[in-house]
Every structure is written in C-alpha cells, then in structure tokens.
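The values are calculated or read from the model by the stated rules, or taken from the named source; none is laboratory data. Only a predicted model underlies this, so the values are computations on that prediction, with no experimental measurement involved. Methodologically, a virtual Cβ is constructed for each residue, glycine included, from the backbone with ideal geometry; neighbour enumeration extends over all protein chains shown. Heads up: the accessible areas ignore ligands, DNA and RNA and are worked out on the full protein's heavy atoms, side chains in. Shrake-Rupley method; radii C 1.70, N 1.55, O 1.52, S 1.80 Å.
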Amino acid sequence: MAKHPSSSKSPKPAPDQNNAIILEFDDNHLLAQLVGEHDRYLARIEQGLDVSVASRGNKMAITGSKDAQSAAKSALLDLYARLKKGLDVTEGEVDGAIRMAGSAPAEDGSRGSVSGNSEMIVTKRRRITPRSTNQAVYVKSLRTHELVFGLGPAGTGKTYLAVANAVAMLIENKVDRLILARPAVEAGEKLGFLPGDMRDKIDPYLRPLYDALYDMLPAEEVVKRLENGEIEVAALAFMRGRTLSNAAIILDEAQNTTPVQMKMLLTRMGENSRMAVTGDLSQIDLPLGVRSGLHEAVDILKGVKGIDFIHFGEADVVRHPLVTRIVKAYGEHDREKQLALKSRKS
C-alpha cells in the first residue's frame, strides 16, 4: 500500500454505506500495523466483537449489529490512536481494546482506552496502559488513595500494575523506597528442608515480584537499587517492628496472611507512604480453620476514608484467552459447589 502523509487529524467515520460504518485512515503505514500481519489483528477484532470488517485501501467497512459496530469502531480508533502516539500494538493491546470497547460505556458515553490515556504508567523499560476498564479504575485509584486493595483472580494485572505504579513513583522521586512483600505460606517445617539460609529458602516465593521489577527497569538498575536498599523484596515476616515512611509498599498474595500479619503490615505505614494489597480470596492456602487476614481486612475496613477496594473478575483476565476460559470454568464450578452446600444445609 502507498504511504500517505501523516496528519494530526484523527480518522473520522464517513457516511454509512449499506448500513456499514465506514472508517477512513490518513496513514497507510500505520494502517498496516493496525490490521497486523495477514490481517490477524483485524480477524481478532472480528471474532472478539462479532463483526465483519472489510479493508480496502485506507478505508474499512464494519458490518454487524449496531452495538457490535460501535464497539468495533471504538476498538479500531483506539488502537489507531495508540499507533499515532508511537506506541506498539500487539495481541495484548488488541485484546485489551476489544475488552474495553465491549464493556458498558461510562455515564458520559465514553469507553475505556488502551491508546495511552491519563492512566498510562511510564517506567524505564515499558509504557504500560490498562487493558480493561477495571484496570484503568485500579491505576487511577493507586494514584489517588493511600491504601488500595486489588482483589480478584490470577491474570488480572493486580500485582503487575501495582509494581509498575510503585516503580514510576520511585523513578519520579515521589517516594524514596519500594518495598515488595509476600507471605511465605510454607514458613514452617517444609522450608527447613530447602538448602541455604532463610533468605535462600524464601526467595522462590518472591520470584514473581523480581520478574515484574526486571520487566520495568534495566537489570543493572534493579541490582543497584536492591543493593542500596531503594528496592526491598522481602517475606512479610521481615516487616515486623518497622515504620515504613516515604515508601511505596506492595503486599502480594495477601489472602495467605493471618489477621495478625495483615494488621501488622497495615500499621507499618508511615508519613508519605502508599500501599497496595493484592490477593485472590478464592485461592487461600492457609491451614484449615485459619481465617485469611485479607478476608478480615475487607470486612473491617470498608468505608474507611483513604482506602479503596477494586474488585476484578473473570472478564479482566489479560493473559492468554484460554486462561480467561479456565478462570471462568473454575468460577462456575465453585459457584455450583456453594449452591449444593446451601441446598444441603436448608
């Protein structure tokens, strides 16, 4: 395709032809990136939003139900706007645009965006934008609340976005330290059989946090900041007795804390600190009969000023599409078990 000069104008829908929505784009080079190799991104949008999209030259014709056409138009324009800002479009962004365009519009009629909106998080290795409406709400909450609970199944971006936001705060000198903590559920007999000292034994439990850090900062910078104490990755037990000031604090896998541990960490917050607590209440690994500290905190802290709770669901899973279906299947199975249990009791 010939490349047309790029302009600052956004693509505008042309008049309808045969009940189709017609979109016209001003840069064929960006349009080629939008549709993807062998039109694979276009096919993904067609399948995800139940529309047909015919592309010819610099125009696209979208056919389908009115709502589906509107969602597809929103997704395509959103992805095109992302490309015009110099941001990459991958399958993840396409799936995110589909997810957000297919969600219910806000009160003002607008839909979520992956095009680099005000919820973008900039780190040294990545520019991260939300891939679901709940993710956008979550990022905004992390920036406006002192304590945020991110609750929901695996793959919804709870921890990843919290780490990204904390890294951005550290880069921008809004905090002096980044502290990442996780409970080591097996911190009893089973850890004793692992080789090395206590830190060596606990390190495998913290590996996902290290992975997120290396995704956002150059490796040498992660090592340097770990050595000088600007970044600390530690088991929750190491937080006892400390006051954490001028810090961004993240507690991951919080469903596996006891009530005493949860209260201990929440009361560590010092001046100019922000905290994110993430967990999945359907994946508690505590011994039978031990109540989750996260479950108790959710019950006790609702309505407390300065605290926000963001609940993620199956629709927010941003990993491989199969993961979404797996999470949904397990969710349905759990709901059936609960219904069966209630019927036996009644």
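For residue 300, state whether it is open to solvent by 60 Å² or more (accessible area, probe 1.4 Å) and β-branched (Val, Ile, Thr). For residue 300, the condition - open to solvent by 60 Å² or more (accessible area, probe 1.4 Å) and β-branched (Val, Ile, Thr) - is met. Condition test on residue 296, is it assigned to a helix (DSSP H, G or I), farther than 17 Å from residue 210 by Cα and of a type in the set (D, E, K, R)? It is true that residue 296 is assigned to a helix (DSSP H, G or I), farther than 17 Å from residue 210 by Cα and of a type in the set (D, E, K, R). Summed over segment 41-69, residues that are in contact (Cβ under 8 Å) with a residue 40 or more places away in the chain, in a helix (DSSP H, G or I) and either out of contact with any Leu (no Cβ under 9 Å at 6 or more places or on another chain) or open to solvent by 30 Å² or more (accessible area, probe 1.4 Å) (or both) total 3. Number of residues in segment 272-284 that are under 23 Å from the mean Cα position of the chain (by Cα) and open to solvent by 60 Å² or more (accessible area, probe 1.4 Å) equals 5.
Among the residues of segment 112-121, are any modelled with pLDDT of 90 or more and open to solvent by less than 40 Å² (accessible area, probe 1.4 Å)? Scanning segment 112-121, I find at least one residue that is modelled with pLDDT of 90 or more and open to solvent by less than 40 Å² (accessible area, probe 1.4 Å), so the answer is yes. Of the residues making up segment 240-271, those that are farther than 15 Å from residue 179 by Cα, touching a helix residue (DSSP H, G or I) at 6+ places or on another chain (Cβ under 7 Å) and in contact (Cβ under 8 Å) with a residue 40 or more places away in the chain are 255, 257, 261.
Please enumerate the residues belonging to segment 4-26 that are modelled with pLDDT of 90 or more, part of a loop (DSSP other than H, G, I, E, B) and over 31 Å from the mean Cα position of the chain (by Cα). If the condition is that a residue be modelled with pLDDT of 90 or more, part of a loop (DSSP other than H, G, I, E, B) and over 31 Å from the mean Cα position of the chain (by Cα), then 26 is the only one that fits. If you go through segment 154-173 and keep only what is out of contact with any Ser or Thr (no Cβ under 7 Å at 6 or more places or on another chain) and touching a residue at least 60 places away in the same chain (Cβ under 8 Å), you end up with 154, 155, 156, 157, 163, 165, 166, 169, 170.
Can you report the number of residues in segment 31-40 which are touching a Leu at 6+ places or on another chain (Cβ under 6 Å) and either charged (D, E, K, R) or open to solvent by 20 Å² or more (accessible area, probe 1.4 Å) (or both)? Selection size over segment 31-40: 1. Can you work out which of the residues in segment 186-234 that are more than 20 Å from residue 161 (Cα to Cα) and in contact with a helix residue (DSSP H, G or I) (Cβ under 6 Å, 6 or more places away or on another chain) is modelled with the lowest pLDDT? Filtering segment 186-234 for residues that are more than 20 Å from residue 161 (Cα to Cα) and in contact with a helix residue (DSSP H, G or I) (Cβ under 6 Å, 6 or more places away or on another chain), the one modelled with the lowest pLDDT comes out as 191.
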